Amino acid sequence: MQQVLAFGVLLRKWRVRRRMTQMDLAIAADSSTRHLSCLETGRSRASREMVLRLCEHLAIPLRDRNTLFLAAGFAPAYQERSVNELATARAAIERIVQAHSPYPAYALDRHWNVVFSNGALPQLYEGCSPELLRRPICAVRLLLHPLGMGSRIVNYHEWRGHTVSVLQLQIQIRPEPSIEALLAEISSYPAPSGSRMPAMADAPISFAMPLQIATRLGVVSFLSTTTVFGTPTDVTLSELAMEMLFPADDATVGVVQAIVAENSEQPSQDAYFVHAG
């Protein structure tokens, strides 16, 4: 069983991580620098209301807020249930994801594992190792691994750089060994044969970086958006994100139409990772 650190130690770690001085946090939490100092050194005990205020102003994830409540001598404030137990939220996720067809959409947990998918465009995953398509399916690994989609990502260097930045930010917000290991793993992948680092002069002026994937029916270019639930009170729900891909150009719309037409002419295929059920 993992030992819970003292409340004051945890509080100071989060304050330093958020780059706030004791005065900054004391003013934000409507407290005093002296009281905050006493909390961090263990000379004073925080009330439940104070723990909640500090967590809010430090933007601490719900999972870690529970740890702080326990360290302060209180019961956890937030439940952690499986997705299957969150019937209303699960139904909403499924409706959103399915409504996005024929374009890909996924719900991902904090480890980047696919929880739900609409199974759109199975041609995107042709040639991927069956091992990478076994549950739990890590979307980051499937996309960048040489035996996954990595060899067909046209803008591999740019997309991996983007992914590295996202993972680094996630670690900064909430350090986690599994995400640090995933970051190290994808950083070690060899770039696809023939790929090159783009020069700054070659970079197109765009409002967002597209994900470009070569398929046997043509190259598709997608823009990605992320949707999360507002004001969640469940740990699991707070860590879910919905990723939806939109066509970045008319050529992609045409390729997707060709893929959909091909699928409609073939026997029903096994949709990839529809849900983790």
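Couple of notes before you dig in:
- Look at the range 86-98: where a residue is small (Gly, Ala, Ser) and a partner is crowded, with 19+ Cβ neighbours inside 10 Å, sitting 6+ places away or on another chain with Cβ atoms under 7 Å, you get 89/237.
- Scanning the range 144-183 for residues that are under 21 Å from residue 61 (Cβ atoms), in a helix (DSSP H, G or I), touching a helix residue (DSSP H, G or I) at 6+ places or on another chain (Cβ under 8 Å) and not aliphatic (A, V, I, L, M) turns up 163, 168, 170, 172, 180.
- Some residue of the range 40-57 being over 30 Å from residue 213 (Cα atoms), outside the structural domain of residue 181 (by TED's automatic domain parsing), in contact with a His (Cβ under 7 Å, 6 or more places away or on another chain) and surrounded by fewer than 17 Cβ atoms within 10 Å (Cβ to Cβ): yes
- You will find that of 26, 59, 71, 99, the residue that is of a type outside the set (Val, Ile, Thr) and within 30 Å of residue 119 (Cα to Cα) is 99 and no other.
- Check on residue 140, touching a residue at least 24 places away in the same chain (Cβ under 8 Å), under 22 Å from residue 188 (Cβ atoms) and assigned to a helix (DSSP H, G or I): yes
- Residue in the range 115-135 that is within 30 Å of residue 24 (Cα to Cα) and in contact (Cβ under 8 Å) with a residue 24 or more places away in the chain present: no
- The one condition in (1) of a type in the set (S, T, N, Q); (2) assigned to a helix (DSSP H, G or I); (3) closer than 25 Å to residue 209 by Cβ that residue 101 fails to fulfil: (2)
Per-residue answers, yes or no, for (1) more than 22 Å from residue 79 (Cα to Cα); (2) assigned by TED's automatic domain parsing to the domain that holds residue 62; (3) loosely packed, with under 13 Cβ neighbours inside 10 Å; (4) at pLDDT below 95:
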position: 214; (1), (2), (3), (4): yes, no, no, no
position: 220; (1), (2), (3), (4): yes, no, no, no
position: 223; (1), (2), (3), (4): yes, no, no, no
position: 235; (1), (2), (3), (4): no, no, no, no
position: 244; (1), (2), (3), (4): yes, no, no, no
position: 249; (1), (2), (3), (4): yes, no, no, no
position: 258; (1), (2), (3), (4): yes, no, no, no
position: 273; (1), (2), (3), (4): yes, no, no, yes
position: 276; (1), (2), (3), (4): no, no, no, yes
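- Among the residues of the range 100-113, those identified as in contact with a strand residue (DSSP E or B) (Cβ under 8 Å, 6 or more places away or on another chain) and within 27 Å of residue 254 (Cα to Cα) are 100, 103, 104, 105, 106, 107.
- Subset of the range 63-88 (residues that are surrounded by 15 or more Cβ atoms within 10 Å (Cβ to Cβ), assigned to a helix (DSSP H, G or I) and of a type in the set (Asp, Glu)): 64
The values are calculated or read from the model by the stated rules, or taken from the named source; none is laboratory data. Everything numeric in this text was worked out from a predicted model, so none of it was measured. With ideal geometry, Cβ positions are generated from the backbone for all residues, glycine too; neighbour counts draw on all protein chains shown.
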